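The values are calculated or read from the model by the stated rules, or taken from the named source; none is laboratory data. Not measured: the values here are computed from a predicted model. Because the Cβ atoms are built from the backbone with ideal geometry, glycine has one as well, and the counts that use them run over all protein chains shown. These area figures cover heavy atoms from the full protein model, side chains too; ligands, DNA and RNA do not enter into them. Shrake-Rupley method; radii C 1.70, N 1.55, O 1.52, S 1.80 Å.
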Amino acid sequence: MKVTVDGITVEVPPGSNVLQACEAAGKEIPRFCYHDRLSVAGNCRMCLVEIEKAPPKPISSCSYPAADGMVVHTDSKMVRAARRGVMEFLLINHPLDCPICDQGGECDLQDQAMGYGMDHSRYAENKRAVADKYLGPLIKTVMTRCIHCTRCIRFSAEIAGVPELGATSRGESMEVGPYVERALTSELSGNMIDICPVGALTSKPYAFVARPWELRKTDSIDVLDAVGANIRIDARGPEVLRILPRVNDDVNEEWLADKSRFALDGLKRRRLDGCWVRRDGRLVRSSWEEAFGAIAARLHGLRGDRIGAVAGNLADCESMLALRDLMASLGSANLDCRQDGSVADVSRRDFYTFNTTIAGIEEADAVLLIGTNPRHEAPLVNARIRKRWMALAGRLPVFGIGPAADLTYHVTWLGDSPRALAALADPGQAATQALRAAKRPMLILGAGALARADGAAVLAAAWQVAAENGLLTPDWHGFNVLHHAAARVGALDLRFLPGPRGKPLAGMLEGGVDLLWLLGADEFDMARIGAGTFVVYQGHHGDRGAARADVILPGAAYTEKNGTYVNTEGRVQRGYFAVYPPGQAREDWKILRAFSEHIDRRLPYDAIGAVRARMEQLNPVFARPDVSPRFGASDLTAPQGDAAALTGAPFVLPFTTYYQTDPISRASPTMAECVATVGRTALAVAAE
């Protein structure tokens, strides 16, 4: 269709509205209620335009469909007067509290009042006041500022899938808020702060902390799950004050999960800012030289097979490479990145990545979930599945094997044990029929489903289901592994796994090695480490690993270093330095490089560029950052494992709570409050 906007003719696809046609012509259209990723409400009337041969009145461009040959005027006398009138109405009841509003400097109402409003008001009546609503520990409300755009209501119902907000009463008495006053239970609730065009919804932990022009902004990557959401770190001086999402349609669109957004206060609590050495049973402060000397003394005379290393879930690829090379120089093949003991077949990359890609979920027409709760393990992936489910008007067949849970869309649960996988071989099964009838079916295997005694059998059986039911074709790869650890795929790409005659984590524990190097590894039971094992903990928080350590080396958190991370779909991304690490803490690969020189086994790189060149030597995928090409399934060879060796033990999900899954979130008071609040909310719902 061809549409003329202020004399500029543009072509727009069928189904477009007038606002989209105006934007295609490069014209700015003010709006409050309209949002590209939400349904059209047409509440605010700020997007008024004039259309020739239409009724002679201003027309809301967001709700008016574009037509071929249409002529639109966006800056006529009628349009300017109409927008001034709408802005005047919006400001009748809006409080004049910009100096104390946290939205100040980032407020759509401020900006559009300056650009499209009048320079005075004709109303002298008293403004109405609305009681603030309680939405939990994350969102602060000042509902007198609300202009009833209903963005938050539509987001909670459409994107988050937890419709806890709505509008009550009508006219001047209308109020937006929860139907029952309790904390929001969505893992994506913080996005309502971003889409609120005024200061009605703001960040409660960030209240009265800083103004946007005071902050230093750094693009980076989130590491609190394996999605690799693109984020912006806002810092002032040495402190991270805010984390916001960046737009990346292939990964996180413009959304961010609550843990990734609000756990930042854990970055400044329980931090390791100096070296510690255990003497006479107690950890005491030490210098780098003393700490390195203690490790070197314990290494003296040790054979390589008595030394081991474990990489944690938040480690960057540069530090894992340096530790891998250090262990190789010491003659050790005892490496592992799987703290949960999960199975991994690294003979082919598509055995351990999310091959459909996150954006590819929007093409799927049937989904099978195995041993995973994506709402907790990867809320942004769950939101994509819901988006596809909504796009198909609820007709996307989703089947689940594992503990039943509310995933915000309808799921048909087939059972809670791997034996339900074997039942999918029956062509009479409704799930089997749905998968075989679909053109682009996909399977999502949770990483937690592989952390079992029969993990190899589960992996092989899941691949068999995919191969037998049309999920693997030359132009579509429907087999996916959903990881929850940000470091896992990068570690598998670097082969941070037991080498020939090397021991896995289970073999290193309980006396399997005499020296164990933990690179931010905190997610296993430290009591399993043998009493005589010398433990070196290198990390940024005083968590479980540091409590067991004999020597502690303070590392940098993800906001304090340049690092490479590989997300669950195999996309190589880079985070960037935003603030300096506290005290004596240093970047992890630099610590390992310095220690290697201390023991006369110098690693062959002095700059991060050289480290990355070494990474590219080991695996060419590291030479292609920010790229995640789509491949079909060209090789149907199954991964290692006996698909017939499945047991009847039910799947166990990796997380008992969404909000505390790593050292940063466990150190966060905000996340602790979320855990307590969710517990109270669950009791309240049960009582109802």
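A few remarks follow.
- Some residue of segment 46-68 being of a type in the set (A, V, I, L, M), part of a loop (DSSP other than H, G, I, E, B) and closer than 22 Å to His148 by Cβ: yes
- Filter result (under 21 Å from Val343 (Cβ atoms) and either part of a strand (DSSP E or B) or among the aliphatic types (A, V, I, L, M) (or both)) within segment 466-482: Ala466, Ala467, Leu471, Leu472, His477, Phe479, Asn480, Val481, Leu482
- Conditions (1) touching a Cys at 6+ places or on another chain (Cβ under 9 Å); (2) open to solvent by 40 Å² or more (accessible area, probe 1.4 Å); (3) not in a helix (DSSP H, G or I); number of the one not met by Glu290: (3)
- Qualifying positions in segment 13-45 - of a type outside the set (Gly, Ala, Ser), part of a loop (DSSP other than H, G, I, E, B), open to solvent by 10 Å² or more (accessible area, probe 1.4 Å) and free of Cβ contacts under 8 Å to residues at least 60 places away in the same chain: Pro13, Pro14, Lys27, Glu28, Arg31, Tyr34, Asp36, Val40, Arg45
- Enumeration of residues in segment 513-531 that are open to solvent by less than 50 Å² (accessible area, probe 1.4 Å) and out of contact with any Asp or Glu (no Cβ under 6 Å at 6 or more places or on another chain): Val513, Asp514, Leu515, Leu516, Trp517, Leu518, Leu519, Gly520, Ala521, Phe524, Met526, Ile529
- Taking segment 341-396 as the range and being in contact with a helix residue (DSSP H, G or I) (Cβ under 6 Å, 6 or more places away or on another chain) and acidic (Asp, Glu) as the test, the residues that pass are Asp345, Glu362.
- Scanning segment 1-23 for residues that are among the small types (Gly, Ala, Ser), closer than 18 Å to Val71 by Cβ and at pLDDT below 95 returns Gly7, Ser16.
- Taking the criterion of being part of a loop (DSSP other than H, G, I, E, B) and surrounded by 18 or more Cβ atoms within 10 Å (Cβ to Cβ), the residues of segment 69-95 that qualify are Met70, Thr74, Asn93, His94.
- In segment 639-650, the count of residues that are modelled with pLDDT of 90 or more, out of contact with any Cys (no Cβ under 6 Å at 6 or more places or on another chain) and in a helix (DSSP H, G or I) is zero.
- Pairs, first more than 12 Å from Asp642 (Cα to Cα) and touching a residue at least 40 places away in the same chain (Cβ under 8 Å) in segment 447-458, second buried (at least 21 other Cβ atoms within 10 Å of the Cβ) and among the hydroxyl-bearing types (Ser, Thr, Tyr), C-beta under 8 Å, six or more apart: Ala447/Ser342; Ala447/Thr372; Gly448/Ser342; Gly448/Thr372; Ala449/Thr372; Leu450/Ser342; Ala451/Ser342
- Scanning segment 487-512 for residues that are in a loop (DSSP other than H, G, I, E, B) and either open to solvent by 10 Å² or more (accessible area, probe 1.4 Å) or modelled with pLDDT under 95 (or both) yields a count of 13.
- Residue count for segment 400-448 under the criterion of being assigned to a strand (DSSP E or B), hydrophobic (A, V, I, L, M, F, W, C) and under 26 Å from the mean Cα position of the chain (by Cα): the result is 6.
- Subset of segment 299-312 [touching an Asp or Glu at 6+ places or on another chain (Cβ under 8 Å) and either without any contact (Cβ under 8 Å) to a residue 12 or more places away in the chain or open to solvent by 30 Å² or more (accessible area, probe 1.4 Å) (or both)]: Leu302, Arg306
- In segment 372-396, residue farthest from Asp225 (Cα to Cα) [restricted to those that are open to solvent by 30 Å² or more (accessible area, probe 1.4 Å) and touching a His at 6+ places or on another chain (Cβ under 9 Å)]: Gly394
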